[in-house]
Every structure is written in structure tokens, then in C-alpha cells.
Amino acid sequence: MFLVRPAGVPAREIGPDVDISKAVWLDLINPTTDEIDRAEKALGTHIPRREELEEIESSSRHHEEGGVLYLSTPLVRRAEDTAFSLPIGFVLTDRRLITVRYADYYGFDIVGRRQAERDPAKGEPSANEILVEIIEEVINRLADILEGLGRDLNAISKRVFNTDRPRDPARAGEMLRETLRRLGHGGDLASMTRDSLLGLDRILIYIGDRTEKDPQALRTRIKVAGRDIASLNDFDAQTVNKVQFLLDATLGFISIEQNDGMKVLTVVSAIGILPTLIAGIYGMNFHNMPELSWKYGYPYGLTLMVLSVVLPLFWFWRRGWFGAR
């Protein structure tokens, strides 16, 4: 599906009888090969396919051919508890902008509605102006994603360092495993956001060279967008560091939980050694064993075994192996 978005006219899906040669903005959403071929034939401009947009070389993502600027970047999208990154393509000519995307992005819809509500008396916007406006909205959405991720990490931090964590090992272990999953998701989201910001920053650099004839206000907007990206990059780097810190802390608590489990096993092993030793000695039935003729020999042996259990337990308790006293 692809939409024509001229100024002052709501975006609409085009049919085979619609002339798209005069469109200022052509928005291709999940286009098929036939739709791309049709658009290329009508506009006389090459439109990159998905595999071209997914190239990672800088020369493939940003280049110029015959006065047409081809730009692409991965763009992250967050949906509920998942996040994914898909390529976005921009084809920029002197009077037309073509966008190629394979997912719905709220920023594009906002710009589309804004263009539809634009006062026709102000004239039709330039392709550069529409592209800058799209980038500004995308930056706003990325900022929202980072803000949401920051709130999630603050909640995780409170949960990890909460002194009232469950004392039940099973519940504590499940909580820590869930924390690891959430931190992994947060790390992936921060990484994808950083890739999106890097791609947008490079796009701004490329289009900055083409706005010399545009109004000063548009050039100022490009500079402001660049500064916004720089500040978001700093915030993203801080977020990645926080994810790493919380990950290290969570793994540390998991190690402590494992050590506590090993302490229990050590206690069980230790308190079983002496009773076994005593029972083994008095189970040998030596001929000259004095205790065999004692009246209280049997209670004596049982008392020794009980003491061999109680005394180590008391010693471990005094050392705090069973938690706070």
C-alpha cells in the first residue's frame, strides 16, 4: 500500500487510475514489488527494495545518484513488551519525497495529518521541509522510548535493591530471573534506539548540504534536530551503563542466593558427620568397649549424637549463616 500526501489533502491510498507524478510526498507502506515498479514507472525514479534498505554499509545507506538522494536508517518501534527495528528509506529529489517503510510509525501519521490540515494559502511545503518534519517527529518518538525505558529501569532498580525481597528462595529466584529478562529487553531496546539515532544523525548531515537555498528557519531546525540527537545519544549511553550496572547487581544477588544454598548444604553435611562417626564407633561392638557394660551407655551415645548436631548448628547460627540474628 502506498499513500499520496499532498499539502492540504488527506492522505489516501492510490488506485491504478491516480496520477502520482505531481505528489510532493509518496509514502509507501509495506509495498509489494508490483507497487514499487508502478511507482518507479510513474515517477521515473529508482525506489530501493527492502534488501537495499537493510544494507549496513554507510555508502549503501547514504548516497546520491543523478541528483537524487537515497537515505535509509533502521528505526526502532516499541509495541507493548516487545521492540523491533525495521529499515526506513527516503528518496529525496528537488521537489518530491518518497518514503519506504515496512511498519506503521506514529510520527509519519502525525506529519501526514499536519500536512492535510495545512493552510493552502501558505503554499505547498518543499520535500526538504517534509523530510525534516518527519525526522523531528521520529526524534520525539525516540525520546519517548528512552523516557519510558528510563522509568522501567528505575522500577527495576528499586526492585533489585529492595531490602524486603522475598526470603523464599523459589520466589527470590523467580524474581531475579524475571529481572534478567527485563534487563535483556531494555538493553536490546537501548541498542536499537542508538542505531536509529545514529542513522538519523547521518541523514541530517546529508540533507544539510542540500538546504542552502532553503529558508534560514529550516536550516535552524536541522541544527536543533542535530543537537537533540546528540543529547539523546548521551542519555542512551547513560541508559546502557545503567542496564549494565543493574545486570551486574542482579548477577551478584543471584551469586549470593547460590552461596546461601551452598551454606545450607554445607551445614547439612557438617552436622551429619559427627553423628555418623559416633554411631559408627558404637556400632563396631568391640570386645573391650567399656560403654557396652554401662547402664546408661545407650542414652550416652544418643546424647553425644544430639550434641554433635546441636553444637554445630549453634556455631553456624552465631556466625550468621542462617540470616540476621
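The values are calculated or read from the model by the stated rules, or taken from the named source; none is laboratory data. These numbers come from a predicted model, not from an experiment. Calculation scope for accessible area: heavy atoms of the full protein, side chains included, ligands and nucleic acids excluded. Shrake-Rupley method; radii C 1.70, N 1.55, O 1.52, S 1.80 Å.
Listed values, structure above:
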| item | result |
| --- | --- |
| Added length on full extension, which subtracts the Cα-Cα distance from 0.36 nm per residue, Glu124 to Phe84 | 11.0 nm |
| Area of Val306 that stays accessible when all protein chains are in place (1.4 Å probe, Å², to 10) | 90 |
| Full-extension gain in nm, Leu313 to Asp214, via 0.36 nm per residue minus C-alpha separation | 27.4 nm |
| Reach of Lys263 by Cα under 29 Å, taken over lysines that are not fewer than 8 positions away in the same chain | Lys158 |
| Region 219-228 - phi-based ³J(HN,Hα) in whole Hz, Karplus 6.51/-1.76/1.60, Gly and Pro as x | 5, 5, 4, 5, 5, 5, 4, x, 5, 4 |
| Which of Asp236, Asp214, Asp188 is most accessible, then next, and so on - probe 1.4 Å | Asp188, Asp214, Asp236 |
| Centroid-to-centroid separation of region 59-78 and region 181-248 [C-alpha atoms, Å] | 16 |
